[in-house]
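I have placed the structure first, in the form of structure tokens, so that the comments after it can refer back to it.
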Amino acid sequence: MRFYTGSYTCLGGPGVGVCRWEGGRLWLLGTYRDIDDPIYDPLR
């Protein structure tokens, strides 16, 4: 299964992470750094 994560770039995070979960292991396939703070925050 492939999925995406977001992190606070203003705090030094990598931005969007592209991940894969397979066979009980988590793989980081790459990152995309050109979006400022790509997180989901319902209070924002």
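The values are calculated or read from the model by the stated rules, or taken from the named source; none is laboratory data. Since we're looking at a predicted model, the values are computed, not measured. Protein only, heavy atoms only, side chains kept; ligands, DNA and RNA dropped before computing areas. Shrake-Rupley method; radii C 1.70, N 1.55, O 1.52, S 1.80 Å.
Summary table
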item: Residues of the chain: accessible area per residue with a 1.4 Å probe, Å²; result: 84
item: Solution diffusion estimate, µm²/s, Stokes-Einstein, the chain, Kirkwood Rh from C-alpha pairs, 20 °C, viscosity 1.002 mPa s; result: 193
item: Carbon + sulfur, % of accessible area of the chain - ligands and nucleic acids excluded, 1.4 Å; result: 55
